[in-house]
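Here the structure comes first, spelled out in structure tokens, and everything after it is commentary.
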Amino acid sequence: TAAGNAKVTIPSASSFYSGALLTIKDEVASRGAYSVTLQRPAGSTSTFDGATTYVLTGTMPAVNLYSDGTNWFIF
């Protein structure tokens, strides 16, 4: 619920079965020009569509992720 920039650590994709789904939704309408950064845990090699972080911007954005058992993919 914090305004301003936020960081969310997403568990390593390898801790989920292949095909697992996560939906991430920013419910803070007043975030304005700030963002929410999805990051992997320390020591993890999981990526988000090949990147080590994924940034959500805009008014109340959302993203869907699925795991192949190694990495997260955005859809």
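Values quoted throughout were computed directly from the atomic coordinates according to the rules given, and no laboratory measurement underlies them. These figures come from a predicted structure and were not determined experimentally. All Cβ positions, even for glycine, are placed from backbone atoms using ideal geometry, and neighbour counts span all protein chains on display.
Rounded to the nearest whole Hz, the Karplus-based 3J(HN,Hα) values (6.51 cos²θ - 1.76 cosθ + 1.60, θ = phi - 60°) of segment 62-75 follow the sequence 9, 8, 10, 10, 10, 9, 9, x, 10, 10, 9, 10, 9, 9, with x at glycine and proline. 3J(HN,Hα) along segment 31-45, derived from phi through the Karplus expression 6.51 cos²θ - 1.76 cosθ + 1.60 where θ = phi - 60°, amounts to 5, x, 7, 7, 9, 10, 9, 8, 9, 8, x, 4, x, 7, 10 Hz, with x in place of Gly and Pro. Computed from backbone phi, the HN-Hα couplings of segment 6-14 come to 9, 10, 10, 8, 8, x, 4, 4, 6 Hz, rounded to whole numbers (Karplus: 6.51 cos²θ - 1.76 cosθ + 1.60, θ = phi - 60°; Gly and Pro given as x). About its Cα centre, the chain has a charge dipole of approximately 160 debye under the convention of +1 per Lys or Arg Cβ and -1 per Asp or Glu Cβ, with nothing else charged.
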